[in-house]
1. I'd like the full set of residues that are among the aromatic types (Phe, Trp, Tyr) and closer than 22 Å to Val90 by Cβ, limited to region 1-57.
2. Filter region 41-86 down to the residues that are in contact (Cβ under 8 Å) with a residue 60 or more places away in the chain, within 18 Å of Phe102 (Cα to Cα), of a type in the set (A, V, I, L, M, F, W, C) and not in a loop (DSSP other than H, G, I, E, B) and list them by number.
3. Please state which of the following conditions Val131 fails to meet, knowing it meets all the rest: (1) among the aliphatic types (A, V, I, L, M); (2) touching a His at 6+ places or on another chain (Cβ under 8 Å); (3) over 25 Å from Glu16 (Cβ atoms).
4. Picking from Val96, Val89, which residue would you name as being touching a Leu at 6+ places or on another chain (Cβ under 8 Å) and not in a helix (DSSP H, G or I)?
5. Return yes when Asp145 is of a type outside the set (A, V, I, L, M) and either over 24 Å from Gln60 (Cα atoms) or not in a loop (DSSP other than H, G, I, E, B) (or both) and no when it is not.
6. Could you check region 86-120 and list, in sequence order, the residues that are among the acidic types (Asp, Glu) and either buried (at least 24 other Cβ atoms within 10 Å of the Cβ) or farther than 19 Å from Val36 by Cα (or both)?
7. Have a look at Val108, Val36, Val28 and point out the one that is closer than 20 Å to Ala127 by Cα and without any contact (Cβ under 8 Å) to a residue 24 or more places away in the chain.
8. Report yes if Val48 is more than 18 Å from Ala146 (Cα to Cα), β-branched (Val, Ile, Thr), touching a Phe, Trp or Tyr at 6+ places or on another chain (Cβ under 9 Å) and at pLDDT 95 or above, otherwise no.
Amino acid sequence: MSIDARLAELGITLPEAAAPVAAYVPVVIAGDMAFVSGQISFVDGQLVKGKLGADVSVEQGILAAQGCGLMILAQLKAALGSLDRVERVVKLGAFVNSTDNFTDQPKVANGASELMVAVFGEAGKHARAAVSANSLPLGVAVEVDAVVALRAAR
C-alpha cells in the first residue's frame, strides 16, 4: 500500500508545507538521509502557543506534537515528491515548551511518535529525545525535528 493510500485510510490530509521563518531550509537531503528542520505546532491551521504545565494541557500538547508530525510529513513529501521514498524514521527530537516542574514531555512527544508508526508501520518506529524548553519560536508549545532514511529515487 502506498503511503498516500495509508494516509487516506487513516483519514489524514497533510497540511501545505510551511515556508521557513528564518535562515534555514525545511529539509536537507544528504545521500540516503533526510534531515527535517524543527516543525512547530500547527493544529487546524492555527499555531498552538503556550506552556505545558501552565496554560496548555497534556492532551493539547499531544495534539500539538501530532501537528508537528503532520508538518514533518508535509515537508518530506514536498522535498521528495513521494512519502514512499521513506525507508525508516530514524529519530525524532521533540522540544516541549514547559514549566520547570512539568515532567510529561515523553507523553507529549508521543503525539508525533504514534503518528509515524500509524503512517509507516514498523518503519515508523524510531529513536527519540523529548526535552523541556523554557521557550520556543513564536511562543509555540511544541517543536519536533526528524532524521529519516530514504530509499533510492525511482
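1. The answer is Tyr24, Phe35.
2. Those that are in contact (Cβ under 8 Å) with a residue 60 or more places away in the chain, within 18 Å of Phe102 (Cα to Cα), of a type in the set (A, V, I, L, M, F, W, C) and not in a loop (DSSP other than H, G, I, E, B): Leu52, Val56, Ala64, Ala65.
3. Condition not satisfied by Val131: (2).
4. Val96
5. Answer is yes for this residue.
6. Passing the criteria: Asp100, Asp104.
7. From the options Val108, Val36, Val28, the qualifying one is Val28.
8. Spelling it out, Val48 is indeed more than 18 Å from Ala146 (Cα to Cα), β-branched (Val, Ile, Thr), touching a Phe, Trp or Tyr at 6+ places or on another chain (Cβ under 9 Å) and at pLDDT 95 or above.
The values are calculated or read from the model by the stated rules, or taken from the named source; none is laboratory data. Please read all numbers here as calculations on a predicted model, not as lab measurements. All Cβ positions, even for glycine, are placed from backbone atoms using ideal geometry, and neighbour counts span all protein chains on display.
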